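Structure, as structure tokens:
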Number of protein chains: 4
Amino acid sequence: MIISMRPGATKREVEHVTERIREFGFRVHSIEGEERVVIGVVGVGGDVEACLESLEATPGVEKAVRISAPYKFVSREFRKERTTIRVGAAEIGGDEFVTMAGPCSVESEQQIMETAEAVAAAGAKLLRGGAFKPRTSPYDFQGMEEAGLKLLAKAREATGLAVITEVMSDRDVDLVADYADVMQIGARNMQNFALLKALGRCGRPVLLKRGLSSTIKELLMSAEYVVAHGNSQVMLCERGIRTFETATRNTCDITAVPVLNEMTHLPVIVDPSHATGKRSLVPALAKAAVAIGADGMIVEVHPCPEKAVSDGAQSLTIQGFRDMMRDLSGYIELWKKERLAEMVAV
Amino acid sequence: MIISMRPGATKREVEHVTERIREFGFRVHSIEGEERVVIGVVGVGGDVEACLESLEATPGVEKAVRISAPYKFVSREFRKERTTIRVGAAEIGGDEFVTMAGPCSVESEQQIMETAEAVAAAGAKLLRGGAFKPRTSPYDFQGMEEAGLKLLAKAREATGLAVITEVMSDRDVDLVADYADVMQIGARNMQNFALLKALGRCGRPVLLKRGLSSTIKELLMSAEYVVAHGNSQVMLCERGIRTFETATRNTCDITAVPVLNEMTHLPVIVDPSHATGKRSLVPALAKAAVAIGADGMIVEVHPCPEKAVSDGAQSLTIQGFRDMMRDLSGYIELWKKERLAEMVAV
Amino acid sequence: MIISMRPGATKREVEHVTERIREFGFRVHSIEGEERVVIGVVGVGGDVEACLESLEATPGVEKAVRISAPYKFVSREFRKERTTIRVGAAEIGGDEFVTMAGPCSVESEQQIMETAEAVAAAGAKLLRGGAFKPRTSPYDFQGMEEAGLKLLAKAREATGLAVITEVMSDRDVDLVADYADVMQIGARNMQNFALLKALGRCGRPVLLKRGLSSTIKELLMSAEYVVAHGNSQVMLCERGIRTFETATRNTCDITAVPVLNEMTHLPVIVDPSHATGKRSLVPALAKAAVAIGADGMIVEVHPCPEKAVSDGAQSLTIQGFRDMMRDLSGYIELWKKERLAEMVAV
Amino acid sequence: MIISMRPGATKREVEHVTERIREFGFRVHSIEGEERVVIGVVGVGGDVEACLESLEATPGVEKAVRISAPYKFVSREFRKERTTIRVGAAEIGGDEFVTMAGPCSVESEQQIMETAEAVAAAGAKLLRGGAFKPRTSPYDFQGMEEAGLKLLAKAREATGLAVITEVMSDRDVDLVADYADVMQIGARNMQNFALLKALGRCGRPVLLKRGLSSTIKELLMSAEYVVAHGNSQVMLCERGIRTFETATRNTCDITAVPVLNEMTHLPVIVDPSHATGKRSLVPALAKAAVAIGADGMIVEVHPCPEKAVSDGAQSLTIQGFRDMMRDLSGYIELWKKERLAEMVAV
């Protein structure tokens, strides 16, 4: 931690700060510049965050900046090799680019079975589908709840696809875990800390979507919550952030993929459906996701998008999904070659 | 709703769209422009949102735009007069500017009692203090939970202040409602729909903080959730949004106050502590909040900010709070004069 | 400057960095933490920015952070007392809240004369009006150019108002300076460095509008350009920044006013017209601007907004301007009392 | 254009609006909804933008929304086939992915010659290098100006690379056009309309960088300025936008590439150097740029980044550039196959 004092901070203020630092169990290393004093805080074992908070509030301090990462288990320093997560027939984070596909919402048996069979045939390894739906409006369809979970389980039996579905409240974690292979945390719940803690205690892998206005660091902190509460099977998902641009539903921060690869060992998934909000843009963004080195993608597909109860505009038709998977195959080959080369190198 | 078709949409596509509109129970009013067809959707009783979603996903449609507001109960059209919410000795939304003050977190009996007495003496009507704390890091202090709620209740008894405190999970709603006068929903939970529904069913007034990247319309939609589930005692809180600017912790969208006053009858509270993140800026922003016509403010105060377990940098000292309240008095007089004039006018 | 090395940076890399620092004429103060080495760069006379750029690009360096401010002349450290700028009958930055008002564009003699007389009567001290107009579309009205400047000069003669008008190119600086009392730099030109340099050499005060996505620090750096090139008569203008919110044309970062007051001695003006984009919101935001301590405001007024060639939706009518000035008077009295108290204190 | 009246707008207000529309030369098509009147404005020949501005400012109007695009020449409706721009040996927008590479600033003959030779050998077709530098600080290196242009010309002679370099003021357009093959407009000048007009009249192709907070629509409007003033040889450049994320220098809106491909026939270039700000992220983003269908990229390369006077942290070394070009080759092959297939299809 580095503390920079205000220009003109008094000697007494500087002394008081150094005393506070020592009370927190750290050593002090102070640098007298021409304009101001800067203090390095060194040592382990003390509570860095609490010390930082305290110093920020202490008279004479201009800024207190943490140098070390605030997360631990999810960092590349903690674990050099990529985390792999086995789900059904797929291994996420390994040497296969994994596709998850399905409708935004589970709507009926026919809809989910038809979609599941089609996406399995086209190469998906997981079936997505919402049974609990976070909707901006209280008047919109809120999901089939347990009935929807049962349909997902039925589709899994029929197709062999693993199931990923969203959980919206810590109250529902056990129920959803009874049916799902992967527990999805939606963007709006990325900092629902009660939910994160409950997922730390459930035995299922978790897909954590980045919040609309969450930094990459905050995404990692939320993943750290799940891991610190006992569950190391976490994958991260870039699904677009909120910016001033309105041509797309969100702005895909595609560079987050290599940034995360430098910072963490956890797998990274891209969601080109929510990132664009528009069917015609999904295949192009999917190519970019493969090329930039994501571990997989999660895509919305619906047998008849105009009859979808939610997200129809961004859902691919079944034929559209097939075409996309075909057009991606060359990119996925390059991806695989690079991943295998990396594995040999490590 | 207005549907604009793509330039070059076929006659068949236009017909298909008009059929879909009629299936949803609306009338069609179509305008043939030079470049494209635009279709007005008229009528009541149909499901506007579902129709919109469907049309957005229908071939040939370029854009579907809703003209009517997606919320109802919270709108000014639904209710012309301001909603007033009585809490303890205060009436929020009425002819008093209401101040809520206290520490970020409840830390100890001494801390909360000392703060409560001081802020009551300086003019606050509600005591704020967190017992359940949403913290970015799993390693930070997570709150005293029920023990904290008990201390808040004790401070209420001693001072007559009403208590406002945060609830983070639908699981905790009943517990928190046992102690709190106002249930606070934090910015990160503004779209925690399970929590919003549970608060609709609790008997307590709710203060709903705007999410870091939530639009004003989304804030109103979240308030609509609470009202539609049975609780009309909702106040809204502008606490700063996330932008590219880093000189302050958040960017206070102060204009949201008059915007909300045009759109809704619900009271609007400003939080100058989170909006700035910096003690020295709080009093100036509080003046602006009064001048622009907010119904009240919620401010962090701590007897010794540098020993605070959270948000010390933005907490006023007790003396700082007293000074601010004194400096605000002229502005509050003007506020009151304008509010009374408005009441006479209505 | 503080350089933090990557965890695991080699000894050689650390040595290379310290050599580079010494080559730039600075002293090195290195701190060995448990995880990494952090290096303090101390001394004056060296080129801080160049050193910073170099170190950021040097192997083994994780981050290089400048501690001292990158601007000098505009900082509060350089000059403790507020800068005052005399323009016609007004002194900006002094003990009067200064109002600048007028149409977005100069359109005709009748329009500008009528507006000038009305705003002067209602208390404005400067007349605004664009003769060179930055328009998003090449097909929109681009301004009356010199003919417009002549009309502004004529209005000045008739009313005694000083004239503020925009200059868009370094090529036009001399021409505009022949007619204007204050040279306005629009938000889109805040980092038009050729223009900033030219304004440094012109003999007129400058009003520098903050760019739509410019940080407060960048605004100060642009002001530093003008001052460093010879012109210390610069005032800054907060006119709203671009965020995700669409309920208003821009988001007014009202807290920028006290932030700037801590960082710089230059006057700060608020533009409630562009910050809101909507006539009905202007008076409320103007109150906030006064209350938070701005030195003045610049407001759009038009005799018949619906016939305005630009910005009609955010222009006050003449009667609207009169009403606003009347309603502001109580706030301006409080402003004046506080400003005089500050002057006594200093 | 669609005008939605406020709920409760009077009959007189509606009549006044329809009169105004007719005065502008349009036909009126009005729809009476349950809550409000919505008015369709139909016809050609009238001044759409002026009519829109007027109606937005007219009493009773809630919102006026333009349906047709505000640009013309740059739209896909105006021209179905891609625009190709021949520069030296390269054809941008055609069947080759074009790489532009070189240092941020021209610093010395040795630096520019060494870089030019190296990037030419590795496959670049254009040499980039700044002679006029837009720098946030007045104290930073401002470029070698004409001496730098001369060095670029010399490098062109030696290597056959075409030259792309930035012009910052309309005053310098002729000078820069004497040396450059492509005139670059920097992000901060995207709405420097005086400069855009001057570039419309120069005989050189233009690369127009997207502003830090500019929407895709505004980027197209700025391109329309250049084309409307006589120069149809414009290419667009996505170089990252400003968001709240600080892990990268900017946030690359990679989806802007397919969005632009739907909206315009102009070529689109990606700048992975400015979009990331960090050398280690450039190659991954370059892959995404190829995969998503950009027409080319512009990359910063320096023989010794830590000695670069600007942007060292994001500059590739010469070896780094070679490695990247080698790793891109598989992606570029796929790109070419798809482009050729598209050409056959059209």
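The values are calculated or read from the model by the stated rules, or taken from the named source; none is laboratory data. The shown structure was predicted, so the numbers you read here are calculated from the model rather than taken from an experiment. Cβ: placed from backbone, ideal geometry, glycine included. Neighbour counts: every protein chain shown.
Overview of values
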| quantity | calculated |
| --- | --- |
| Scope region C:29-41; condition surrounded by fewer than 17 Cβ atoms within 10 Å (Cβ to Cβ) and within 23 Å of A:M5 (Cβ to Cβ); matching residues | C:E32 |
| Test: residue in region C:282-291 that is buried (at least 24 other Cβ atoms within 10 Å of the Cβ), within 14 Å of chain D (Cβ to nearest Cβ) and in contact with a strand residue (DSSP E or B) (Cβ under 9 Å, 6 or more places away or on another chain) | yes |
| Out of C:D295, C:D323, sole residue that is in contact with a Pro (Cβ under 7 Å, 6 or more places away or on another chain), more than 14 Å from chain D (Cβ to nearest Cβ) and modelled with pLDDT of 95 or more | C:D295 |
| Filtered residues of region B:1-16 (kept if touching a strand residue (DSSP E or B) at 6+ places or on another chain (Cβ under 6 Å) and surrounded by 17 or more Cβ atoms within 10 Å (Cβ to Cβ)) | B:M1, B:I2, B:I3, B:S4, B:M5, B:V14 |
| Options C:A275, C:A308; residue that is under 20 Å from C:P134 (Cβ atoms) and within 14 Å of chain D (Cβ to nearest Cβ) | C:A308 |
| Residue match in region A:5-25 (condition: more than 38 Å from the chain's Cα centre (by Cα), of a type in the set (D, E, K, R) and at the interface with another protein chain (Cβ under 7 Å from one of its Cβ atoms)) | no |
| From the options B:L328, B:L340, B:L334, residue that is in contact with a Lys or Arg (Cβ under 8 Å, 6 or more places away or on another chain), in contact (Cβ under 8 Å) with a residue 12 or more places away in the chain and surrounded by fewer than 24 Cβ atoms within 10 Å (Cβ to Cβ) | B:L328 |
| Qualifying residue in region D:243-250 (condition: surrounded by 22 or more Cβ atoms within 10 Å (Cβ to Cβ), touching a strand residue (DSSP E or B) at 6+ places or on another chain (Cβ under 8 Å) and within 19 Å of D:E333 (Cα to Cα)) | no |
| Qualifying positions in region D:89-110 - crowded, with 17+ Cβ neighbours inside 10 Å and away from every other protein chain (no Cβ under 14 Å) | D:A90, D:I92, D:G93, D:G94, D:E96, D:V98, D:T99, D:M100, D:A101, D:G102, D:V106 |
| Positions within region B:94-135 being of a type in the set (S, T, N, Q) and closer than 22 Å to B:S329 by Cα, in sequence order | B:T99, B:T115 |
| Region C:44-61, subset more than 8 Å from chain D (Cβ to nearest Cβ) and of a type in the set (A, V, I, L, M, F, W, C), residue surrounded by the fewest Cβ atoms within 10 Å (Cβ to Cβ) | C:V44 |
| Count of residues meeting criterion [of a type in the set (D, E), assigned to a loop (DSSP other than H, G, I, E, B) and over 30 Å from B:M343 (Cβ atoms)] in region B:289-319 | 1 |
| Test set (1) at the interface with chain C (Cβ under 9 Å from one of its Cβ atoms); (2) within 24 Å of B:E96 (Cα to Cα) - B:A247 fails condition number | (2) |
| Selected residue [at pLDDT 90 or above and over 18 Å from the mean Cα position of the chain (by Cα)] from D:I92, D:I85, D:I39 | D:I39 |
| Candidates A:H274, A:H265, A:H302, filtered to the one that is more than 24 Å from A:E333 (Cα to Cα) and within 15 Å of the chain's Cα centre (by Cα) | A:H274 |
| Residue that is touching a Leu at 6+ places or on another chain (Cβ under 9 Å) and of a type in the set (S, T, Y), where the choices are D:S222, D:S280 | D:S222 |
| Some residue of region C:111-129 being modelled with pLDDT under 95, surrounded by fewer than 23 Cβ atoms within 10 Å (Cβ to Cβ) and either in the same structural domain as C:A162 (by TED's automatic domain parsing) or in contact with a Phe, Trp or Tyr (Cβ under 8 Å, 6 or more places away or on another chain) (or both) | no |
| Strands (runs of 3 or more DSSP E) contained in region A:1-102 and holding at least 3 residues acidic (D, E) and in contact with a Leu (Cβ under 8 Å, 6 or more places away or on another chain) | none |
| The one condition in (1) assigned to a strand (DSSP E or B); (2) without any contact (Cβ under 8 Å) to a residue 24 or more places away in the chain; (3) over 22 Å from the mean Cα position of the chain (by Cα) that C:Q110 fails to fulfil | (1) |
